[in-house]
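Worksheet: one structure, shown below.
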Amino acid sequence: LFLSLGFTQYTYSLTDNNNTSEYYLESVGPEYFENQITMHYFGSFTWGLCNSRFAQLNTLYESLLENGYDQVKLIGIGYSYQSNSYNNWTNSNEFSSVCYDNSNNPTFNSWGASQRDFYVLDHEKNLVLEQNISSGLPSNLESIIINLINNIPSQPECNEGDTLNDNPCNPSQCIN
């Protein structure tokens with residue numbers, strides 16, 4: 001039981017409410033973005049500093065996308081009781097997902113998140129960075145994300161005896 005709790009801590013499934021996101025009205029969360037780096041920001045839709053930090057993250061995110069780093073996703077998560085103010089975040093971005101947590105904020109609770117907490121998961125959903133960004137974004141955040149993207153294998157990992165079903169008409173087996 002203890003092991004399963006450790007593996008499920010960094011998961012959720014919330015609805016994307018950003019009408020300019022490609023995932024608008026779809027469920028999003030770390031497990032929805034296979035082989036992707038995911039950035040998760042937790043904050044208040046109504047506080048100026050939370051809005052400012054999300055806007056900064058979004059600027060970085062859009063810059064990464066413009067430079068061809070499309071293996072990354074940004075998801076902002078606000079409090080459920082502020083759901084009528086989520087447009088404070090959607091107005092400042094075009095691509096990132098914006099969600100509000102469910103009643104009693106189970107996603108905030110399961111992640112141990114509070115105002116302006118920021119998390120980065122690598123392509124295997126391992127926690128790489130957990131930081132409160134009240135005082136600003138890490139100065140090396142862009143290079144951290146780019147390094148994580150560069151570490152995503154271009155081919156599926158192949159362990160001895162595995163069967164790869166990339167092409168179901170011609171499955172292959174890993175040998176040596």
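The values are calculated or read from the model by the stated rules, or taken from the named source; none is laboratory data. None of the values given here were measured: they were computed from a predicted structure. Cβ atoms come from the backbone with ideal geometry, glycine included; neighbour counts cover every protein chain shown. Surface accessibility is based on the protein's heavy atoms, side chains included, excluding ligands, DNA and RNA. Shrake-Rupley method; radii C 1.70, N 1.55, O 1.52, S 1.80 Å.
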Flagged pairs (Cβ under 8 angstrom, 6 or more apart or on separate chains; first in the stretch 83-108, over 18 Å from Thr11 (Cα atoms); second β-branched (Val, Ile, Thr) and modelled with pLDDT of 95 or more) are Tyr86/Val98; Trp89/Val98; Thr90/Val98
Subset of the stretch 49-105, residues small (Gly, Ala, Ser) and under 15 Å from Asp117 (Cα atoms), comes to Ser52, Ala55, Gly76, Gly78
Flagged in the stretch 35-50 as touching a strand residue (DSSP E or B) at 6+ places or on another chain (Cβ under 8 Å) and either closer than 20 Å to Asn132 by Cα or without any contact (Cβ under 8 Å) to a residue 40 or more places away in the chain (or both), in numbering order, are Ile37, Thr38, Met39, His40, Tyr41, Phe42, Gly43, Ser44, Phe45, Cys50
A careful count of residues in the stretch 18-57 that are modelled with pLDDT of 95 or more, open to solvent by 50 Å² or more (accessible area, probe 1.4 Å) and of a type in the set (A, V, I, L, M, F, W, C) gives 1
Cβ pairs under 6 Å, 6+ apart or interchain, first in the stretch 125-154 and in contact (Cβ under 8 Å) with a residue 40 or more places away in the chain, second in a helix (DSSP H, G or I) and open to solvent by 40 Å² or more (accessible area, probe 1.4 Å), ordered by first then second residue, are Leu137/Gln56
- Assess whether Leu141 counts as being touching a helix residue (DSSP H, G or I) at 6+ places or on another chain (Cβ under 9 Å) and among the aliphatic types (A, V, I, L, M). yes
If we keep only residues of the stretch 58-78 that are surrounded by 16 or more Cβ atoms within 10 Å (Cβ to Cβ) and β-branched (Val, Ile, Thr), then the residue farthest from Pro106 (Cα to Cα) is Val72
All-but-one check, Ser85 against (1) within 16 Å of Arg53 (Cβ to Cβ); (2) open to solvent by 70 Å² or more (accessible area, probe 1.4 Å), failing number (2)
